[in-house]
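The values are calculated or read from the model by the stated rules, or taken from the named source; none is laboratory data. If you're wondering where the values come from, they're calculated on a predicted model, not measured in any experiment. For neighbour counting, all protein chains shown are included, and Cβ atoms are generated from backbone atoms with ideal geometry for every residue, glycine included.
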Amino acid sequence: MRRMIGSAAFLVVAVASSALAQVTPAAKQAGAPAKAASAVTWAALTGDWEGKAMRGTSDSVITTTTLTFTADKKLYITYPNRDKVEAHNVVLAGDSLTYDAGPYDSIARPGHKVSTHNVIHVANHKMKGTFNAKFDDGQTMSGHSEAAHKLK
């Protein structure tokens with residue numbers, strides 16, 4: 001009988017400890033919620049952003065670039081010694097933006113046309129992101145980019 005009472009007492013303590021352990025994380029979450037990243041606005045983007053694009057995970061620069069966000073909500077990409085390219089499908093959400101560009105004459109593969117899809121994160125007047133490029137012959141290339149807001 002003592003053994004049964006001792007086992008029952010142990011079981012009650014074990015279950016209570018387990019229940020307390022499950023409640024503790026919720027208690028830790030009772031504090032202030034984590035601060036969400038501030039949403040990027042078109043007004044904050046307006047102006048020129050000077051940057052560079054790199055292939056894959058390499059730090060070798062494929063090209064330099066200037067992104068121009070206009071007051072009338074258009075985005076243009078300018079590469080050295082090239083006409084500007086207007087971006088399309090521009091979407092702002094949270095601290096990010098996505099856009100597509102092209103087809104335009106490829107810098108990485110002369111003689112080919114390329115279209116790109118870009119995903120960018122914005123914080124503190126800097127951009128970092130990735131791109132996927134698709135060439136007119138079906139070849140693809142991915143890479144990353146970074147840019148800084150050219151403040152006046």
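When you check Thr57 against the structure, is it at pLDDT 55 or above, in a loop (DSSP other than H, G, I, E, B), of a type in the set (S, T, N, Q) and closer than 20 Å to His144 by Cα, yes or no?
On the way: at pLDDT 55 or above: yes; in a loop (DSSP other than H, G, I, E, B): yes; of a type in the set (S, T, N, Q): yes; closer than 20 Å to His144 by Cα: yes.
Yes; evaluated as a whole, the condition is true for this residue.
Any chance the range 96-104 includes a residue that's part of a loop (DSSP other than H, G, I, E, B) and either out of contact with any Gly (no Cβ under 6 Å at 6 or more places or on another chain) or of a type in the set (A, V, I, L, M, F, W, C) (or both)?
no
Against the test of being at pLDDT 90 or above and in a loop (DSSP other than H, G, I, E, B), the options Lys73, Lys52 yield a single qualifying residue, Lys73.
Across the range 97-120, what is the total count of residues that are in contact (Cβ under 8 Å) with a residue 40 or more places away in the chain and under 17 Å from Asn81 (Cα atoms)? Lay out the reasoning, then the answer.
First pass over the range 97-120, keeping only residues in contact (Cβ under 8 Å) with a residue 40 or more places away in the chain: 97, 107-108.
Retained after the next criterion (residues that are under 17 Å from Asn81 (Cα atoms)): 107-108.
Count: 2.
Please state which one of Ala147, Ala39 is part of a loop (DSSP other than H, G, I, E, B) and in contact with a Leu (Cβ under 9 Å, 6 or more places away or on another chain). Can you show your working first?
Numbers: Ala147 fails: part of a loop (DSSP other than H, G, I, E, B).
Only one candidate passes the filter, namely Ala39.
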